[in-house]
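Quick notes on the structure that follows.
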Amino acid sequence: MIIEVNQAPVYIVDDDSDFRESLAWLLDSGGYQCRGFASAEAFLEAYQGEAACLLLDVRMGGMSGLELQHQLLERDYLLPVILITGHGDVPMAVEAMKNHAVDFISKPFDDSQLLALLQRVMAELPQRFKRQALRHQARAGWAELSGREREVAVLVAEGLSNKALAEALGISIKTVEIHRSRVMKKMAAQSLAQLVKMLGTLAQP
């Protein structure tokens, strides 16, 4: 049965060419667009943060699948990762899940189960990458704030009025208003609710 999916691709990173081709055939039969990479390094060089799903082999020559996971986290990508291995063990699975893997499956696996998992992941993809975009925006804005502006941003998000904020920081209400305006502009926040949401993303792991 052909599964209806959006146009986001599925990337396959595995140094076993036969397995990559076999998995690509399976995904193609399920209605997915896919692209294979023979190494984690090749994928990392090509990936630009676009909405996609990653099927990742754990053990490869060069950078391992778990190391690639770390690299993606360091770059603040929320790309959903499904780790695949023929040599899985409990510590490896625990580390993969701590690094926010969607799932960890062992070869050989049931084709229908993998397709069902992908269908669920793809359904969640728009919301996941909306969060990623908001977080990147928040991080860029936060980097532009001065130390005092960061203090103001946090207290504003906590619900303090301009008067209470002025008293807490020992500054005038007029100065608070100036800092608050700069915070909203630099964070590109259209409302207090959006600012609170953006600051919340900065606190997420």
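The values are calculated or read from the model by the stated rules, or taken from the named source; none is laboratory data. Since the structure is predicted, the reported quantities are computational estimates derived from the model, not experimental observations. Glycine gets a Cβ as well: all are built from the backbone with ideal geometry, and neighbour counts include every protein chain shown. For accessibility, only protein heavy atoms count, side chains too; no ligands or nucleic acids. Shrake-Rupley method; radii C 1.70, N 1.55, O 1.52, S 1.80 Å.
Computed from label points 7 Å out along Cα-Cβ, the spacing between A8 and L192 is 3.3 nm.
Placing pseudo-labels 7 Å out from each Cα toward the beta carbon at K107 and K185 gives an inter-label distance of 5.7 nm. The calculated 222 nm mean residue ellipticity attributable to helices in the chain amounts to -18500 deg cm²/dmol, summing -39500 (n - 2.57) over DSSP H runs of n ≥ 4 and dividing by all residues.
Accessible area of M97 (1.4 Å probe, protein heavy atoms only, ligands and nucleic acids ignored): about 90 Å². Counting heavy atoms of the protein chains alone, L125 has an accessible area of about 0 Å² for a 1.4 Å probe. Here F19 sits with roughly 40 square angstrom of accessible surface, probe radius 1.4 Å.
Dividing the mean sequence gap of close Cα pairs (under 8 Å, 6+ apart) by how many residues region 75-143 holds gives a relative contact order of 37 percent. Shown are H136, H179, whose ranking by accessible area with a 1.4 Å probe and every protein chain present, most to least, is H136, H179. Going by alpha carbons, how many degrees (0 to 90, nearest 10) lie between the helix axis of 192-203 and the longest principal axis of the chain? Between the helix axis and the principal axis of the chain, the angle is about 50 degrees. An oblate overall shape is assigned to region 1-144, the ratio a/c of its alpha-carbon gyration tensor axes (a ≥ b ≥ c) being 1.5 or greater and a/b not exceeding b/c.
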